[in-house]
1. Give the residues of region 23-38 that are in a loop (DSSP other than H, G, I, E, B) and crowded, with 23+ Cβ neighbours inside 10 Å, sorted by residue number.
2. Return the pairs, sorted by first residue and then second, in which the second residue is aromatic (Phe, Trp, Tyr) and buried (at least 17 other Cβ atoms within 10 Å of the Cβ), the first residue lies in region 43-70 and is assigned by TED's automatic domain parsing to the domain that holds Asp94 and over 22 Å from Glu145 (Cα atoms), the beta carbons are less than 7 Å apart, and the residues are 6+ apart or on different chains.
3. Give the residue, chosen from Gly35, Gly24, Gly66, Gly56, that is among the small types (Gly, Ala, Ser) and touching a strand residue (DSSP E or B) at 6+ places or on another chain (Cβ under 8 Å).
4. State whether one or more residues within region 96-108 are assigned to a loop (DSSP other than H, G, I, E, B), among the hydroxyl-bearing types (Ser, Thr, Tyr) and closer than 19 Å to Leu9 by Cβ.
5. Can you tell me which of Gln111, Gln129 is near the ligand (Cβ under 9 Å from one of its atoms) and in a helix (DSSP H, G or I)?
6. Among the residues of region 39-74 satisfying the criterion of being among the aliphatic types (A, V, I, L, M) and more than 9 Å from the ligand (Cβ to nearest atom), which is surrounded by the most Cβ atoms within 10 Å (Cβ to Cβ)?
7. Return yes when Tyr147 is within 19 Å of Asp94 (Cα to Cα), without any contact (Cβ under 8 Å) to a residue 24 or more places away in the chain and within 13 Å of the ligand (Cβ to nearest atom) and no when it is not.
Amino acid sequence: MADARARGLGRAVIFLGPPGAGKGTQAKQIAKHYGVPHLSTGDMFRELVARDTPLGKRAKPIMDRGDLVPDDIVLEMVAERVSRPDTARGFVLDGFPRTLPQAEKLDEILQARSWGQPLVVHFVVDPGQLVRRLTGRRICSVGGEIYNIYDQPPKVEGRCDNDGGPLIHRADDREEVIVERLAAYQEQTRPLVDYYRSQGVLVDVDGMQPPTTVTAKVLEILERGQETHSSPPESSAAANQVSQRYER
Ligand code: AP5
């Protein structure tokens, strides 16, 4: 691990997948392993909302509905964030890009900085699991540790194992909002799987495995470098189920 921290990631790594796929859970581990920033656009927006900034005020009702924040707002925020010096050894993007214009803009940013192509890790999870994962999610309000009351509960109910901080239930983790978020993913973000797969930079990971197994798989992929998988595990049944269940 010391070796990995010394090397960093040396590239932009994108974690792609539907809400509840485990992007945040994995991004925390991977960013820590390589000593690089974990850039979550969702966390950035939640911070702006908590600070009640003008941008936060604009984003809040959109997030509360389960829709996507407009591209121009997201892109300005991300362009500024990835220009900071701490991204020099690579970074993990969690929740960005989420639309084709965002992906194209990211390509431009990476090119302008002479980065190579990003590596995209696509988490594949049975659609039926996503609602359970999201309704059961609790997050430490101090350190951001992620729990699940059904599958990864804290030792003491409502308290973080690490720092004892109170656990919160995200406002958009209510079932009626989750349905909208899954529909937004299907309509606007799912096409990125094909976008990146056609560039040969996307690797599918079975997100149904236990979190530590998923982390080990992602580390293996990152250590091996770029790899392509031509037969997506979600190509048939799972992808179709998501479309049918969450299309508006
Ligand atoms: P964001 O915060 O990015 O939410 P999301 O993409 O919907 O993803 P989640 O954070 O819900 O899920 P996750 O995949 O990180 O899962 P997690 O690891 O927590 O975005 C929120 C909102 O902000 C958006 O709706 C939008 O409005 C706005 N926004 C953000 N970025 C934007 C952008 N680029 N453009 C426009 N708008 C944007 O895990 C979930 C649960 O599952 C946890 O309880 C966890 O313990 C459990 N779990 C994780 N892994 C496993 C496993 N392997 N097995 C069993 N359980 C697991």
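1. Val36
2. Ala59/Phe45; Val69/Phe45
3. Values: Gly35 fails: touching a strand residue (DSSP E or B) at 6+ places or on another chain (Cβ under 8 Å); Gly66 fails: touching a strand residue (DSSP E or B) at 6+ places or on another chain (Cβ under 8 Å); Gly56 fails: touching a strand residue (DSSP E or B) at 6+ places or on another chain (Cβ under 8 Å).
One residue alone meets the criteria, Gly24.
4. Checked region 96-108: no residue is assigned to a loop (DSSP other than H, G, I, E, B), among the hydroxyl-bearing types (Ser, Thr, Tyr) and closer than 19 Å to Leu9 by Cβ.
5. After ruling out the rest, the residue left standing is Gln129.
6. Leu39
7. For Tyr147, the condition - within 19 Å of Asp94 (Cα to Cα), without any contact (Cβ under 8 Å) to a residue 24 or more places away in the chain and within 13 Å of the ligand (Cβ to nearest atom) - is met.
The values are calculated or read from the model by the stated rules, or taken from the named source; none is laboratory data. What you see is a predicted model; the values in this text were computed from it and never measured. Note: ideal-geometry Cβ built from the backbone for every residue, glycine included; neighbour counts use all protein chains shown.
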